[in-house]
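**Q** Take this structure first; my questions come after.
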Amino acid sequence: MTVRPDDPLIAGYHRFRTGVWPAQAQRYAQLARRRQQPAAAVIACSDARIDPQTIFDAEPGELFVIRNVAGLVPPYAPDGGCHGTSAALEYAVKILKVRRIIVLGHANCDGIHAMIHGPLRNARDFLGPWMDIAEPVMWPMPGPGSGEALETAIEAAVLSLSLSNLRTFPWIRDGEKAGHLALSAWRFDIGAGELRTT
Ligand SMILES: [Zn+2]
């Protein structure tokens with residue numbers, strides 16, 4: 001594939017290289033000389049509108065970010081399958097020895113909207129089974145009424161489920177009990193720019 005000179009990603013790279021890199025070059029050089037040592041792992045939605053590094057104003061090297069559709073944490077299931085999120089969690093906890101895991105939910109989640117309204121019929125190869133992780137809190141649907149209030153209630157329920165599922169991983173549960181690992185579930189409101197930490 002030939003890269004066009006007006007490619008917006010390449011244009012963005014040039015802005016990074018000329019505007020950001022000069023001030024950060026020393027930091028990147030330091031990072032390149034050692035293994036990564038992030039203090040926290042963040043599990044977030046792949047949604048293009050949210051970016052954990054931006055929201056937490058984190059520098060390169062500070063966060064180990066795991067992103068997937070709807071920011072779900074599956075339950076512990078060491079069955080030999082290709083579990084990308086679980087593998088990333090194992091890497092973060094056992095190899096990198098992060099001290100914190102934060103599940104970052106967000107408002108107006110398209111993935112959760114799709115779960116409620118069901119436009120996933122044409123994407124059942126992988127997406128359907130993945131979204132079924134949230135099934136335990138979807139039926140009966142929690143919370144009041146319909147529309148945005150219902151979606152907000154389900155987003156909160158899914159966030160709680162992800163926190164519970166983290167504790168089904170024995171090495172996460174043990175780390176939390178021993179005081180080596182702190183778990184949090186936070187929610188970011190895109191429109192208001194507000195983070196709720198409860
Ligand atoms: Zn989302």
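**Q** I need the full set of residues from region 121-134 which are outside any loop (DSSP other than H, G, I, E, B) and more than 12 Å from the ligand (Cβ to nearest atom), in order please.
**A** 127, 128, 129, 130, 132, 133
**Q** Provide a single number: the residues in region 65-85 that are touching a Phe, Trp or Tyr at 6+ places or on another chain (Cβ under 8 Å) and open to solvent by 20 Å² or more (accessible area, probe 1.4 Å).
**A** 2
**Q** Just a yes or no: is a residue in region 33-41 surrounded by fewer than 17 Cβ atoms within 10 Å (Cβ to Cβ) and not in a loop (DSSP other than H, G, I, E, B)?
**A** Yes, that holds for at least one residue.
**Q** Moving on. If you take the residues of region 1-25 that are among the polar types (S, T, N, Q) and modelled with pLDDT under 95, which of them is farthest from residue 105 (Cα to Cα)?
**A** Residue satisfying both the conditions and the ranking: 2.
**Q** Any residue in region 46-64 that is exposed (fewer than 10 other Cβ atoms within 10 Å of the Cβ) and more than 16 Å from the ligand (Cβ to nearest atom)?
**A** yes
**Q** Give just the number: which of (1) open to solvent by 40 Å² or more (accessible area, probe 1.4 Å); (2) away from the ligand (no atom under 16 Å from the Cβ); (3) within 23 Å of residue 137 (Cβ to Cβ) does residue 100 not satisfy?
**A** Of everything listed in (1) open to solvent by 40 Å² or more (accessible area, probe 1.4 Å); (2) away from the ligand (no atom under 16 Å from the Cβ); (3) within 23 Å of residue 137 (Cβ to Cβ), residue 100 misses just condition (3).
**Q** May I ask you to list the residues in region 105-120 that are under 16 Å from residue 152 (Cβ atoms) and either among the small types (Gly, Ala, Ser) or near the ligand (Cβ under 10 Å from one of its atoms) (or both)?
**A** 105, 106, 107, 108, 109, 110, 111, 112, 113, 114
**Q** With the structure loaded, tell me whether residue 86 is at pLDDT 95 or above, part of a helix (DSSP H, G or I) and within 14 Å of the ligand (Cβ to nearest atom) or whether it fails that test.
**A** Taking the combined requirement at face value, the residue does not satisfy it.
The values are calculated or read from the model by the stated rules, or taken from the named source; none is laboratory data. None of these values were measured; they are calculated from a predicted model. Positions of Cβ are backbone-derived with ideal geometry, glycine not excepted, and every protein chain shown enters the neighbour counts. When the accessible area is computed, the model is the full protein with side chains, heavy atoms only, and any ligands, DNA or RNA have been set aside. Shrake-Rupley method; radii C 1.70, N 1.55, O 1.52, S 1.80 Å.
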